Amino acid sequence: MQKPMISDQDRSQLKRTFRKDLKAQVQIRLFTLKPSVITIPGRECPRCPQTLQLLEELAALTPKIDLETVDFYNDPQVAQDQGVTRIPAIVISADGSSRDKFYGAPMGYGMAAMVADIKTISRSVSPLSMDTRKKLRKLTQKVHIQVFVTPASADCPGLACLAHALAIENPLVAADVVEIQEFPMLARNYGVRSVPVTVINEHIRLSGPLSEPQLLEKVLEAGVRPEPVTADGTTG
């Protein structure tokens, strides 16, 4: 019998939290590698079983969470449709959208971020300020946010939830939270040596914690197309 990954104390607390805070159904889709007696080189996913166990334990705490597993290699079209590029990947939504993703097992502080996202999505109450929500409507182009995290960093959950909140608020925004210990090559590609690091549309890189106005400013910088300048020098 497998040892539970969620402690009895945390399980009791999460049950109370979910009972009080969850309203609508939340869909969690895990892209993983199904168990097989044959190991195919290049298709290893050592943390996939652990991630599945963790999510099964979490979903068992409330009927408000619907958990679905998708084999990344056997259902490549589903992965492509959801924009999933590596595993384990977790997509959370209320409507089947795929703008909020976790790459890697949500351990440590990562679990806090996931629980906060589940509550936000289920309650349909944005944690963003009214000013932020208003300014987000200015977006005219897609914005892809990547937040690089580790389970041990207390600075990461707040930023992860903020990025996901922006994606929940506006369909032009997609936000990935990436656990760098599971995807070290990806972290090296972006020069990530400490966390959190935020990358927006590949070319904007921000180190350290960010406030809501700070992240919003960079998202708008990436996602608002400048107005064309007319012959008389005015915009419009």
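What to note about this one:
- Residues in the stretch 193-203 include at least one that is modelled with pLDDT under 95 and of a type in the set (Lys, Arg).
- Tally, over the stretch 154-169, of residues that are buried (at least 21 other Cβ atoms within 10 Å of the Cβ) and not hydrophobic (A, V, I, L, M, F, W, C): 2
- Within the stretch 20-34, at least one residue is over 21 Å from the mean Cα position of the chain (by Cα), surrounded by fewer than 16 Cβ atoms within 10 Å (Cβ to Cβ) and over 24 Å from SER126 (Cα atoms).
- In the stretch 74-85, residue farthest from PRO49 (Cα to Cα) [restricted to those that are surrounded by fewer than 17 Cβ atoms within 10 Å (Cβ to Cβ) and either hydroxyl-bearing (Ser, Thr, Tyr) or under 16 Å from the mean Cα position of the chain (by Cα) (or both)]: GLY83
Condition check ((1) in contact with a Phe, Trp or Tyr (Cβ under 6 Å, 6 or more places away or on another chain); (2) of a type in the set (D, E, K, R)) across all residues:
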site: ILE118; (1), (2): no, no
site: ARG137; (1), (2): no, yes
site: ILE145; (1), (2): no, no
site: SER153; (1), (2): no, no
site: ALA165; (1), (2): no, no
site: VAL178; (1), (2): yes, no
site: PRO184; (1), (2): no, no
site: LEU206; (1), (2): no, no
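The values are calculated or read from the model by the stated rules, or taken from the named source; none is laboratory data. Keep in mind the model is a prediction, meaning the values are calculated, not measured. Cβ: placed from backbone, ideal geometry, glycine included. Neighbour counts: every protein chain shown.
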